[in-house]
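Inspection log for the structure reproduced underneath, given as structure tokens.
The values are calculated or read from the model by the stated rules, or taken from the named source; none is laboratory data. The shown structure was predicted, so the numbers you read here are calculated from the model rather than taken from an experiment. Here the Cβ positions follow ideal geometry from the backbone for every residue, glycine too, while neighbour counts run over all protein chains shown. Ligands, DNA and RNA are excluded from the accessible area calculation, which covers all protein heavy atoms including side chains. Shrake-Rupley method; radii C 1.70, N 1.55, O 1.52, S 1.80 Å.
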Amino acid sequence: MQKKLLALAVAGALAPAAAMAQSSVEIYGRANLGIQSWEAKGATAGEAADFDRRLRVYDGSSRVGFRVNESLGGGLRAFVVIETGVNIDSGTNQGQSNTAANTSSGFWASRDSYVGIGGGWGDIRFGRQSIFWSNGVIAQTGANYLDTAVDGLINNPSIVAIPVTRQSSVVSYNSPTVGGFNASISFSPHTQEGAAAGADADGQVLGLTGRYTSGALRAQFDWASAEGNSSATGVQTENTGWKVGLGWAYAPGSQISGIFGNYENESVGGVTGDDRERQFWLVNWEHMIGQWQILVQYYNADEAEVAGGDLPDSDVTGLTLGAKYFLSKRTGVYVAYHNVDNGDAAFADLNGGGMSSAPGGTLSAASAGADVKIFAVGVMHNF
């Protein structure tokens with residue numbers, strides 16, 4: 001009898017809240033597949049370090065996501081996002097036989113996935129989040145329109161590491177949009193989580209992003225710092241970076257934009273004095289002509305500075321040329337050409353674009369100087 005009364009009392013207490021709360025669940029995703037030719041030739045070490053042309057049917061960052069929103073009343077809301085990369089071409093989480101083109105697949109919630117509470121004051125999110133590497137609406141060619149693009153070199157510059165990409169174990173605050181501006185502040189103690197007994201646990205990742213939209217003008221600023229746990233000798237590695245992007249959206253599906261940034265690495269590999277730095281810039285053009293979209297990108301990275309001096313022939317340039325035909329608002333077919341021109345000491349490759357036998361599927365220092373050429377024909381459907 002007491003248990004029944006207790007159950008009725010709890011149900012009665014929750015009834016007003018249950019009646020007040022309204023929730024929705026959205027399932028969304030993307031399928032982006034095609035056939036791709038890849039080669040990397042002209043290595044400084046000679047033909048033995050080159051990669052002859054090879055073909056693959058690839059998956060270019062297909063994904064499935066679940067988005068849950070619930071109104072809690074009083075201006076509060078709760079939300080959950082779970083997004084997972086999938087390799088539709090192979091039916092596994094491993095991708096192609098020699099490397100995975102879809103670098104965000106491999107495990108559940110592999111892409112941005114989090115839970116949070118929000119209101120008029122903004123929101124707080126806990127989970128896996130993109131702290132630094134997303135360019136938002138500034139450059140969408142590689143992220144949303146083609147198989148890949150040379151804006152991927154921003155995240156894979158070779159020699160000098162970027163501070164952080166998509167990161168697990170993140171807490172972030174995201175401000176409301178006021179006058180077209182909003183900002184995100186992120187923190188992750190991931191290096192501390194893995195510290196052994198007796199070891200220092202002072203590593204952390206910090207990130208700051210500011211976004212502004214007013215009419216056709218778009219702007220974004222990103223800064224991030226990733227510190228490792230200090231070694232027994234007190235050496236602490238730190239990778240920092242910043243980038244600023246400006247865009248002018250002169251028509252639907254059309255914009256011209258640019259991104260400029262800088263990366264710095266301190267005590268690379270735990271070695272005091274092994275500091276590195278590199279600057280880069282990118283120009284992006286997206287233009288609609290009827291149902292066609294023309295896509296052009298050009299990337300340039302200066303010679304890397306290593307241990308206080310420029311590393312000769314470590315510069316990198318990249319070019320993407322693409323054309324996409326929209327069969328509907330959701331479905332398009334495209335053809336694309338990408339070229340990465342590495343200096344004799346550089347080995348930059350496109351994330352998810354390489355098909356080498358090196359770890360991660362991208363070029364390694366052994367193939368420095370090899371120039372990457374990619375040709376792709378594919379279809380993309382968003383749902």
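For the stretch 76-83, the criterion of being at pLDDT 95 or above, of a type in the set (G, A, S) and either open to solvent by less than 80 Å² (accessible area, probe 1.4 Å) or farther than 28 Å from G127 by Cα (or both) is satisfied by at least one residue. Is it fair to say I35 is at pLDDT 90 or above, at negative phi and exposed (fewer than 11 other Cβ atoms within 10 Å of the Cβ)? The answer is no for I35.
Yes/no matrix, rows are residues, columns are (1) in a helix (DSSP H, G or I); (2) touching a Leu at 6+ places or on another chain (Cβ under 7 Å); (3) exposed (fewer than 15 other Cβ atoms within 10 Å of the Cβ):
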{"residue": "G269", "(1), (2), (3)": "yes, no, yes"}
{"residue": "T272", "(1), (2), (3)": "no, no, yes"}
{"residue": "E277", "(1), (2), (3)": "no, no, no"}
{"residue": "L282", "(1), (2), (3)": "no, no, no"}
{"residue": "L295", "(1), (2), (3)": "no, yes, no"}
{"residue": "Y298", "(1), (2), (3)": "no, yes, no"}
{"residue": "T317", "(1), (2), (3)": "no, no, no"}
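For the stretch 40-64, the set of residues classified as loosely packed, with under 14 Cβ neighbours inside 10 Å and polar (S, T, N, Q) is empty.
Residue-by-condition table, conditions (1) acidic (D, E); (2) under 30 Å from F326 (Cα atoms); (3) at pLDDT 95 or above:
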residue: V205; (1), (2), (3): no, no, yes
residue: R211; (1), (2), (3): no, yes, yes
residue: L217; (1), (2), (3): no, yes, yes
residue: A224; (1), (2), (3): no, no, yes
residue: G241; (1), (2), (3): no, no, yes
residue: V244; (1), (2), (3): no, no, yes
residue: P252; (1), (2), (3): no, yes, no
residue: N262; (1), (2), (3): no, no, yes
residue: G269; (1), (2), (3): no, no, no
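Can you confirm whether S186 is at pLDDT 90 or above and hydroxyl-bearing (S, T, Y)?
Judged against the criteria, S186 is a match.
Search the stretch 128-179 for residues being without any contact (Cβ under 8 Å) to a residue 60 or more places away in the chain and open to solvent by less than 20 Å² (accessible area, probe 1.4 Å), and hand back the single one that is nearest to T331 (Cα to Cα). If we take residues in the stretch 128-179 being without any contact (Cβ under 8 Å) to a residue 60 or more places away in the chain and open to solvent by less than 20 Å² (accessible area, probe 1.4 Å), then Q129 is nearest to T331 (Cα to Cα). Of the residues N339, N351, the single one that is under 23 Å from L282 (Cβ atoms), modelled with pLDDT of 95 or more and surrounded by 15 or more Cβ atoms within 10 Å (Cβ to Cβ) is N339. Residues in the stretch 354-383 that are in contact with a helix residue (DSSP H, G or I) (Cβ under 8 Å, 6 or more places away or on another chain), modelled with pLDDT of 70 or more and closer than 19 Å to D89 by Cβ: M380 only. Selection within the stretch 231-247: residues that are within 22 Å of the chain's Cα centre (by Cα) and open to solvent by 80 Å² or more (accessible area, probe 1.4 Å). The member of this set that is nearest to I162 (Cα to Cα) is W242. Residues that are assigned to a strand (DSSP E or B) and either more than 28 Å from D52 (Cβ to Cβ) or touching a residue at least 40 places away in the same chain (Cβ under 8 Å) (or both) do occur in the stretch 342-354.
Table: residues versus (1) within 19 Å of the chain's Cα centre (by Cα); (2) among the aliphatic types (A, V, I, L, M).
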| site | (1), (2) |
| --- | --- |
| G253 | no, no |
| F260 | yes, no |
| Y263 | yes, no |
| G273 | no, no |
| E277 | no, no |
| N284 | yes, no |
| L295 | no, yes |
| D302 | no, no |
| E305 | no, no |
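Among residues of the stretch 288-317 that are closer than 10 Å to A345 by Cα and of a type in the set (D, E), those with a Cβ under 6 angstrom from a residue that is open to solvent by 40 Å² or more (accessible area, probe 1.4 Å) and assigned to a strand (DSSP E or B), sequence gap 6+ or separate chain, pair up as E303/D310.
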